[in-house]
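What follows is a single structure, written as structure tokens, with notes after it.
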Amino acid sequence: MKRLIPFAALSFAVLALMASVPAAIAQTADITSIAKLFQQAKIHAAEANYDAALLDSFGHSDMDWRAHAKCLTNIKEHANDLFEDYYQLQRIRDKGTPEQREVIDRLEPLLRDMGTSLTNTIQTLNLHQGRVHMPSFRTNIHADYVAINKVYELLCACTNKNFKA
């Protein structure tokens with residue numbers, strides 16, 4: 001009879017561990033999903049950053065307003081992809097590590113600033129197509145680049161930390 005108690009205690013411990021294994025596997029999968037979304041967002045941010053740097057360089061050329069519009073359209077598409085990545089990250093935020101949650105939280109104001117800056121630039125271009133070489137428009141373009149670059153730098157930093165389980 002003395003052997004049954006240790007066996008029963010061991011059986012209970014094994015059952016308790018087995019019950020927690022699926023939860024641990026699910027959490028690992030969520031952490032990995034978030035890490036993959038960070039990688040995907042980093043790619044979209046890199047594309048937007050490249051196009052924003054290109055557009056910023058147009059200030060030193062006589063590029064037509066249509067070239068500016070095309071570049072802004074590309075940036076807008078990459079920004080939309082970034083926002084979609086962010087919304088997916090928001091949906092599973094609570095399942096991430098504390099570090100992952102912190103990065104997701106830090107992305108929100110950066111993306112808001114980026115969106116506001118891009119919207120202002122697009123509205124300005126729509127109203128003043130022939131004035132793409134005005135200093136105020138050049139300032140808007142540079143502000144877009146700075147805002148996008150902040151998002152890109154944050155995503156580079158977090159993916160370099162390799163947030164995997």
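Computed from the coordinates by the stated procedures, all read-outs in this text should not be read as laboratory data. Quantities reported herein were computed from a predicted structural model and do not represent experimental measurements. Here the Cβ is made from the backbone with ideal geometry for all residues, glycine too, and neighbour counts use every protein chain on show.
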Lys pairs under 18 Å by Cα in region 32-160, provided they are eight or more residues apart or on distinct chains: 4
Nearest-0.05 FRET efficiency for Glu77 and Thr97, computed from C-beta distance (R0 22 Å): 0.10
Extended-chain gain in nm, criterion 0.36 nm per residue less alpha-carbon gap, Tyr87 and Ile43: 14.2 nm
Residues Leu155, Leu54, sorted so that the one with the fewest Cβ neighbours within 10 Å comes first: Leu54, Leu155
Extension reserve of the Met63-Lys36 stretch, reckoned as 0.36 nm per residue once the Cα distance is removed: 6.0 nm
Tyr87, Tyr145, Tyr152, Tyr50 arranged by Cβ crowding within 10 Å, fewest neighbours leading: Tyr87, Tyr50, Tyr145, Tyr152
Neighbour-count order for Glu47, Glu153, fewest beta carbons within 10 angstrom listed first: Glu153, Glu47
